[in-house]
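Values quoted throughout were computed directly from the atomic coordinates according to the rules given, and no laboratory measurement underlies them. For clarity, every value in this text was computed on a predicted model and none was experimentally measured. Neighbour counts are summed over all protein chains in view; Cβ atoms, including those assigned to glycine, are modelled from backbone coordinates with ideal geometry.
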């Protein structure tokens, strides 16, 4: 009698069925990765903004024309002029947006960026051009005289604040 080699057709079908059942349970766990990836990208942008602000501040101090109490000087980072406010990049398109160079992010200017003291003028960045509820964002509020800028990540995203876009 010859010895059987390989799998029978029934064994092959059973393996395919078992793999199908396992993938049906595993697939929903992988579907939510896009939301996590978007949040991680915005958290990465927060780190980039913090680093850019620190580098611009160090450059301003190294140039010697950067006073802590209101002296505003421009610094050049990678050949681009960055406007400064109180020794840190200003909260606008020519300040921190130029310093951080977040080309894949959308810059939103707002008079209602949420802060610990309520609302204050600043800017924030999002992954998407349209800013919807629960979209993660990172806000930047310019430095006050003698202080540092306020940089905040929010996973909550757009919150209702009298119809204005807010990050917080």
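Assorted remarks:
- Packing rank of 126-139, 95-108, where each peptide gets the mean count of other beta carbons within 10 Å, highest leading: 95-108, 126-139
- Burial ranking of peptide ranges 53-64, 9-20 (average Cβ count within 10 Å, highest at the top): 53-64, 9-20
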